[in-house]
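Okay, so here's the structure we're looking at.
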Amino acid sequence: MRSASRPCLPKKALSGYRSRADDARRPGRRERPGGKVSGTPPARVNAPGGVLELAMELLRRPSITPRDAGCQELLAQRLARHGFQHRDLSHGEVCNSWLWRGTGRPLFAFLGHTDVVPPGPEEDWSTPPFAPTLRNDCLYGRGAADMKGSIAAMTVAAEAFLARHPEHPGSLGLLLTSDEEGPALNGTKYAAGCLAEAGLVPDYCLVGEPSSEQVLGDTIKVGRRGSLQGRLQVLGRQGHIAYPERADNALHRVLPALAALCAERWDEGDERFPPTSFQVSNLHAGVGAENVVPGRAEIRFNFRYAPSSDTAGLQRRVNEILARHKLRYELDWQHSAEPFHTRGGRLLEAARAAVREVTGRDCALSTSGGTSDGRFLAPLGAEVLECGPLNASIHQVDEHLALKDLELLARLYQRVLENLLLGSSAPGREAAGVAAMVSDG
Ligand SMILES: [Zn+2]
């Protein structure tokens, strides 16, 4: 089912965005910007065609990264019934889709991934990972929380929003990739580049990653730290352990340097980011025998760094510490993520209000955790935040999502759309460089 064999579309492939032919706008129904927003009726989680049924359809597809297993095609077909168009932005073995409806600004986009991490041995699971199961008022299956539940909620929220506000200001998009859990090179990074080339960077982007910690909506992520890996080879001279004067123990050489690296205060962080963290992930030395002095030691380490540090500065300081300990070494670097941070904007206001309205609680703003694909949209100018279900069971055996959270999430996303696109001061950002699209829409 997946369409990755089709070549990635060139820039002009996105020109259809400006066509109104498929917009499915219904004449005679007008939605005033600033019009009164009436309450959101509660969705029934198990209604036919509802959020639960869609989540289960997605969970049945074994889309282990970078496979999509037909998830994006399913969503494209479903949203086509609501006037969404589909552009295939697949690249290499990765399946990417841009689904959108409307041409006006502001452009709001949900961002999600259809791939999941491998489930591990199936016998470790209480029920098979790709046979979605309901028990204890939860939905179980690989990807339930990360993040097929979110994708189902986004889809149902968009449908419900359009049913009530078909002539809403602005336009809606859904950007999907099957390469978030893998190397993340041919996925959102690539697809976001296609959107940027076509002048279609979303003004607002909501990532459905599981951001909640204890209860749904308690935490929204407004940024992520950067990630920098180092692979260090320290060189000594191998020898007999009884004749250390003829050897040069690589482990003895590197340990004081490692202690210095671990003790270093790299920065103080700032009001949104914790201080930069240095962690050793691997240390290998020795040939397995008890009577051989190791001639080399290999260390792998990782920085999760705040925006107050940068890669060049961290690399320079590591080299200074290694030089101070007079090591012979080789050091390779791999930079996998720039930090990003979204200052408060209209999307954040809309999301905080939605969390309050749907869950009755105020959310905390956080930049903790690993990297996310939001890092590819934020530098292009989108206001990016991450709001999704509980992350307690993600990447684990028996991954699950509470049914009531699945329903609340769909309502929460619908309220974000209503607050953002129908709120009294929306739309707010259409002036910036999108005059052609505005006149079109
Ligand atoms: Zn995820």
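The values are calculated or read from the model by the stated rules, or taken from the named source; none is laboratory data. A quick note: this is a predicted structure, and the numbers were derived from the prediction, not measured. Cβ atoms come from the backbone with ideal geometry, glycine included; neighbour counts cover every protein chain shown.
Please go through the stretch 329-352 and give me each residue that is more than 13 Å from Ser227 (Cβ to Cβ) and surrounded by 14 or more Cβ atoms within 10 Å (Cβ to Cβ), ordered by number.
Within the stretch 329-352, Tyr329, Leu331, His341, Thr342, Gly345, Arg346, Leu347, Leu348, Glu349, Ala350, Ala351, Arg352 qualify.
For (1) within 17 Å of the chain's Cα centre (by Cα); (2) closer than 16 Å to Ser178 by Cβ, each residue gets a yes or a no:
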site	(1), (2)
Thr127	no, no
Pro132	no, no
Asp137	no, no
Arg142	yes, yes
Gly149	yes, no
Ala157	no, no
How do the strands (runs of 3 or more DSSP E) wholly within the stretch 167-264 filter down when requiring 1 or more residues that are over 23 Å from Leu74 (Cβ atoms), among the hydroxyl-bearing types (Ser, Thr, Tyr) and within 16 Å of the ligand (Cβ to nearest atom): which remain? 219-221, 226-235
For Thr276, indicate whether it is touching a residue at least 12 places away in the same chain (Cβ under 8 Å), touching a strand residue (DSSP E or B) at 6+ places or on another chain (Cβ under 6 Å), surrounded by 18 or more Cβ atoms within 10 Å (Cβ to Cβ) and under 18 Å from Pro210 (Cα atoms). no
Note: among Gly70, Gly141, just one is touching a helix residue (DSSP H, G or I) at 6+ places or on another chain (Cβ under 8 Å) and not aliphatic (A, V, I, L, M), namely Gly141
Is at least one residue of the stretch 228-238 among the small types (Gly, Ala, Ser) and not assigned by TED's automatic domain parsing to the domain that holds Ala152? yes
Against the condition more than 28 Å from Val222 (Cα to Cα), among the aromatic types (Phe, Trp, Tyr) and either surrounded by fewer than 16 Cβ atoms within 10 Å (Cβ to Cβ) or touching an Asp or Glu at 6+ places or on another chain (Cβ under 8 Å) (or both), how does Tyr305 come out, does it pass? no
Return yes when Arg352 is basic (Lys, Arg) and within 16 Å of the ligand (Cβ to nearest atom) and no when it is not. no
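Per-residue answers, yes or no, for (1) among the small types (Gly, Ala, Ser); (2) in contact with a Phe, Trp or Tyr (Cβ under 8 Å, 6 or more places away or on another chain); (3) buried (at least 24 other Cβ atoms within 10 Å of the Cβ):
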{"site": "His86", "(1), (2), (3)": "no, yes, no"}
{"site": "Leu89", "(1), (2), (3)": "no, yes, yes"}
{"site": "Cys138", "(1), (2), (3)": "no, no, no"}
{"site": "Gly149", "(1), (2), (3)": "yes, no, yes"}
Could you figure out which of (1) assigned to a strand (DSSP E or B); (2) of a type outside the set (Val, Ile, Thr); (3) out of contact with any Cys (no Cβ under 9 Å at 6 or more places or on another chain) isn't true of Gln279? (3)
Is it the case that the stretch 422-429 has a residue that's in a helix (DSSP H, G or I), buried (at least 22 other Cβ atoms within 10 Å of the Cβ), at pLDDT 95 or above and touching a Cys at 6+ places or on another chain (Cβ under 6 Å)? no
Residue list for the stretch 370-406, filter: assigned to a loop (DSSP other than H, G, I, E, B), among the hydrophobic types (A, V, I, L, M, F, W, C) and more than 15 Å from the ligand (Cβ to nearest atom): Ala382, Val397
When the stretch 108-126 is examined, which residues are found to be in contact (Cβ under 8 Å) with a residue 60 or more places away in the chain and surrounded by fewer than 19 Cβ atoms within 10 Å (Cβ to Cβ)? Val117, Gly120, Asp124, Ser126
Answer with yes or no whether Asp362 is surrounded by fewer than 23 Cβ atoms within 10 Å (Cβ to Cβ), modelled with pLDDT of 95 or more, in a loop (DSSP other than H, G, I, E, B) and on the phi > 0 side of the Ramachandran plot. no
